[in-house]
Structure formats: structure tokens, C-alpha cells
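The values are calculated or read from the model by the stated rules, or taken from the named source; none is laboratory data. What you see is a predicted model, and the numbers here were worked out from it, not measured in a lab. Note: ideal-geometry Cβ built from the backbone for every residue, glycine included; neighbour counts use all protein chains shown.
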Amino acid sequence: MLESKRRAIIFISISLLLAAVAGFMFLMKVNELNESLGGTKKVYVASQKIDSRTIISPDDIKIIDLPNKFVADDYIEVSEAEKITNKVSIVPITAETIITESILKDFSNVGDPNNRKVALMWSDKVSFDDNINDQDRVDIVVSHQFDGAPKTEIFMSDVLVFKVLVNDKKESIGLHLEVSKQDASRLIHMQNYADSIRILKANVGQEQPEKGAAKEGTPEKQSANPAAKSDPAVQPGQPAQPPAQP
């Protein structure tokens, strides 16, 4: 009986030792695999379907661990939460899809989905009179001879500058204008056939009243006949009556 117990204890001890060795070897293999993959990073993925042009909420996203070997430059990590805050996706995102910077835009910069962006590049035909920045408003003045006679007119007013286009030297080379779908074809037509297009930066201040205009509260001119002012009984054009004798 004692011999059986001793053998059982020996077998159990050997089993536990082998299990510990196997666990240690498995852990070493996992660590070796993680090192070969470069470790892991926490990135954002969609927890559910996200519609385009809607602000991404905390309920729309979740965090997963992804090996560094498979992390792309435009993946958004947990340490870069500002890159996903107050953003919208320009395309629908399905659940479990990794969220990248390339599909996100600021909510304030997405614009009206019914509008279109038209690029207006600087050239001998297209010029501007002031420094223009993103989100400015501009007027478009065109000169043409469509009806045989030269004509210069304001073609569009208060057009939103969605973005200023720049080259590698950070020099302005044109504008992205946001216009309605109907106005987009009209603007492109002018780009192709107008003789000259001038871009004027619109002022955003309140209009000032014209100089010399009458102000509210200005008293009316007094009557030319002072007698009529002093004695309401005297009619204009009639002589005043002498006072009665005592």
C-alpha cells in the first residue's frame, strides 16, 4: 500500500514538473513570437457600423491590441485620441474595421453633402487681389464677350473657400471653392470660356451707413414762418391781428 502511494506521489510530481516545464516553454515561445512581431500597440476599430458624415461617438469604437508588425502609419493609436475626437468619416465604416486617419475629416470641414468642390487654379486668366485663406469668402468677377460685346460682371458672390491649394514650396497655386451642384457647371463653364476671372476677398464686417445719410431721431426742419410756430391760430400767409384795445 505504501509503495503504491509512493509511486502515485512520484507520478504526480513528475506530471506537475512536466506541466510547469511545458507552460514555461509555451510562455517563452509566445514572448519570442511577440518580439519577432515587434510587440503590440492599442489601436481603434469600429465596434459597429459607422455612417459617413456623422460624428464618431465613444460607442462607435473600441480598442484592440495589434502587433507592431501590422500597424500602419495611418492607424490611430490610443495615445492619439485627439485624431479621432470630433471627427467624421467620409465613407461608411463596417464593424471590426480598423479606423485610419485617411478616412477622417474635421466635422466643421466636411461641408454640405449637396455641394461640390471646384478647383480654381491661378493662371494668366485667373487672378486675385488679396491674400486668401481657408474658410474665407470671395466674390468672382468675370469678363467675357459671349454676346459679342465686352462685359464685366459679378458672377458669384460670397463663395466659400473650402481650401487653399499649395505646392511643395507652400506657395498658393489655387483654390478649392465650395458651390452648389447647379453652380458647379456654371463656374466650370466660366473657367473654360471667360476671358478673365478675378477673385475678390469678401469683407465680413457689417456694412457702414452711407455718409451724410439721415440719422434716426433727427428733428424735422422748423417752419419757415416763425409766427406760425408761436401762434397756432395764425394761418400761413395771413397777417397777425393787432391786440384788442382796453
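Selection of the stretch 160-204 for residues being assigned to a strand (DSSP E or B) and basic (Lys, Arg) yields Lys163, Arg198, Lys201. Picking from residues in the stretch 145-159 that are under 17 Å from Ser185 (Cα atoms) and outside any loop (DSSP other than H, G, I, E, B), the one that is nearest to the chain's Cα centre (by Cα) is Val159.
Only one of these is under 30 Å from Ile56 (Cα atoms) and free of Cβ contacts under 8 Å to residues at least 24 places away in the same chain: Val161, Val166, Val118. Name it.
Details: Val161 fails: free of Cβ contacts under 8 Å to residues at least 24 places away in the same chain; Val118 fails: free of Cβ contacts under 8 Å to residues at least 24 places away in the same chain.
Going through Val161, Val166, Val118 in turn, just one is under 30 Å from Ile56 (Cα atoms) and free of Cβ contacts under 8 Å to residues at least 24 places away in the same chain: Val166.
Kindly indicate whether Ile55 is touching a Phe, Trp or Tyr at 6+ places or on another chain (Cβ under 6 Å), of a type in the set (Val, Ile, Thr), modelled with pLDDT under 85 and not assigned by TED's automatic domain parsing to the domain that holds Asp183. In short, yes.
Suppose the filter is surrounded by 12 or more Cβ atoms within 10 Å (Cβ to Cβ), basic (Lys, Arg) and either at pLDDT below 85 or touching a Phe, Trp or Tyr at 6+ places or on another chain (Cβ under 8 Å) (or both); does Lys105 pass it? Let's see the steps before the verdict.
Values: surrounded by 12 or more Cβ atoms within 10 Å (Cβ to Cβ): yes; basic (Lys, Arg): yes; either at pLDDT below 85 or touching a Phe, Trp or Tyr at 6+ places or on another chain (Cβ under 8 Å) (or both): yes.
Here the answer is yes, as Lys105 does meet what is asked.
Given the criterion modelled with pLDDT under 80 and in contact with a strand residue (DSSP E or B) (Cβ under 6 Å, 6 or more places away or on another chain), identify the matching residue among Asp231, Asp158, Asp130. Just a single option satisfies the conditions, and that option is Asp130.
When Ile173 is tested against (1) crowded, with 16+ Cβ neighbours inside 10 Å; (2) closer than 16 Å to Lys125 by Cα, only condition (1) is not met.
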